[in-house]
1. I'm trying to understand the selection: among the residues of the stretch 101-112, which are outside any loop (DSSP other than H, G, I, E, B) and exposed (fewer than 13 other Cβ atoms within 10 Å of the Cβ)?
2. Go through the stretch 54-76 residue by residue and tally those that are touching a helix residue (DSSP H, G or I) at 6+ places or on another chain (Cβ under 9 Å) and free of Cβ contacts under 8 Å to residues at least 60 places away in the same chain.
3. Of the conditions (1) within 15 Å of the ligand (Cβ to nearest atom); (2) in contact (Cβ under 8 Å) with a residue 60 or more places away in the chain; (3) under 25 Å from Leu233 (Cα atoms), Arg156 fails just one. Which one is it?
4. Where in the stretch 178-260 are there strands (runs of 3 or more DSSP E), lying wholly inside it, with at least 1 residues that are farther than 30 Å from Thr110 by Cα and touching a helix residue (DSSP H, G or I) at 6+ places or on another chain (Cβ under 7 Å)?
5. Can you give me the ranges of the strands (runs of 3 or more DSSP E) entirely in the stretch 1-94 with at least 1 residues that are open to solvent by less than 30 Å² (accessible area, probe 1.4 Å) and on the phi > 0 side of the Ramachandran plot?
6. Could you run through the stretch 121-153 and say how many residues are part of a loop (DSSP other than H, G, I, E, B) and either away from the ligand (no atom under 11 Å from the Cβ) or open to solvent by 10 Å² or more (accessible area, probe 1.4 Å) (or both)?
7. Filter the stretch 158-182 down to residues that are touching a strand residue (DSSP E or B) at 6+ places or on another chain (Cβ under 8 Å) and modelled with pLDDT of 95 or more and give me whichever is most open to solvent (accessible area, probe 1.4 Å).
Amino acid sequence: MQTVGKMKLRLHQFLSKTGHFSSKRDVKQAIWDGDITVKGSVIKDISFQFNPRTKPVEYRGQLLELPNDHTTFLLNKPVGYICSRLSQQERSLNKRSVFELFVDSVDPSTYDRLLTVGRLDEATTGLLLVTTDGTLVHDITSPEREIRKTYEVVTRDEVSSKQLKSLQQGVEIHVEDSGVVTSYTSRPAVARRVESDLLQLTISEGKKRQVRRMLEAVGNEVIHLHRLGIESLILSDFELGDGEFCPMKKQEISDLVFQH
Ligand code: URA
């Protein structure tokens, strides 16, 4: 898989990429005129090399940024990985984190900034976006956006019509936030029985262990949970094996996730 994001850029390259200047000549002129500062110091050397992630650049006092300085991957999450950095305790228990899957494919600075877009349980498989873009995380996980996530759910027992109807209408689940447990009624969901013990379930919210709790609430149990898609972003369109990932362009995500 490709390495994304160079650590260092030359000042004139950085300025050209910002889209703020109409020509290379304007870029050079701004530098020679002393209008550009890097981390507060005027730099008049057009070839000055620096890391734009750690050194802010200003033009006459205005902060300049690269338009798309973010990296996003679509991962087919394998079973047995957790969606956070490992604590000491988790390390001692030999837990594995999804971020490990990227360690050899991105530069260290990108690696450190990777976030998961929401979380899948350790035992859940399937579509997971991993990104450096905190705004993307917010836009997809924010409850007000009601972004639809579709899961394949293998259940312990046959799903009865009554259970199916309850899931569709909303069920009372217990949600835990910072150690405080409250009761919550799930929003109406789209639930379709594919086989007697196999459901396709679409929910537009993402409480912790929500699908597992919804199935428990109707007296059943999740045996396996796999995320098939987020809105029109469908994992099977990408032909990724377990643990494989591919880079995603912001525009692709925008077209597939937000145009609904
Ligand atoms: N709902 C769950 O219960 N677990 C997940 O991993 C995702 C949704």
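1. Of the residues in the stretch 101-112, the ones outside any loop (DSSP other than H, G, I, E, B) are 101-102, 108-112.
Of everything in the stretch 101-112, those that are outside any loop (DSSP other than H, G, I, E, B) and exposed (fewer than 13 other Cβ atoms within 10 Å of the Cβ) turn out to be Pro108, Asp112.
2. Of the residues in that region, 8 qualify.
3. (3)
4. Values: elements: 180-185, 190-195, 198-203, 222-230, 245-247.
In the stretch 178-260, 190-195, 198-203, 222-230 are the strands (runs of 3 or more DSSP E) which contain 1 or more residues that are farther than 30 Å from Thr110 by Cα and touching a helix residue (DSSP H, G or I) at 6+ places or on another chain (Cβ under 7 Å).
5. Values: elements: 36-38, 57-59, 62-64, 72-77.
No strands (runs of 3 or more DSSP E) qualify here.
6. First, pick out the residues of the stretch 121-153 that are part of a loop (DSSP other than H, G, I, E, B): 121-124, 132-133, 142, 146-148.
Okay, now just the ones that are also either away from the ligand (no atom under 11 Å from the Cβ) or open to solvent by 10 Å² or more (accessible area, probe 1.4 Å) (or both), so 121-123, 132-133, 142, 146-148.
Result for the stretch 121-153: 9.
7. Across the stretch 158-182, the extreme among qualifying residues is Glu172.
Residues are listed down the side, and each one gets a yes or a no for (1) open to solvent by 70 Å² or more (accessible area, probe 1.4 Å); (2) modelled with pLDDT of 95 or more; (3) at positive phi; (4) within 13 Å of the ligand (Cβ to nearest atom):
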{"residue": "Lys208", "(1), (2), (3), (4)": "yes, no, no, yes"}
{"residue": "Arg213", "(1), (2), (3), (4)": "no, yes, no, yes"}
{"residue": "Gly219", "(1), (2), (3), (4)": "no, yes, yes, no"}
{"residue": "His224", "(1), (2), (3), (4)": "no, yes, no, yes"}
{"residue": "Leu235", "(1), (2), (3), (4)": "no, yes, no, no"}
{"residue": "Phe238", "(1), (2), (3), (4)": "no, yes, no, no"}
{"residue": "Gly241", "(1), (2), (3), (4)": "no, yes, no, no"}
{"residue": "Cys246", "(1), (2), (3), (4)": "no, yes, no, no"}
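The values are calculated or read from the model by the stated rules, or taken from the named source; none is laboratory data. Since the structure is predicted, the reported quantities are computational estimates derived from the model, not experimental observations. With ideal geometry, Cβ positions are generated from the backbone for all residues, glycine too; neighbour counts draw on all protein chains shown. Note: accessible area is taken over every heavy atom of the protein model, side chains too, but ligands, DNA and RNA are not part of it. Shrake-Rupley method; radii C 1.70, N 1.55, O 1.52, S 1.80 Å.
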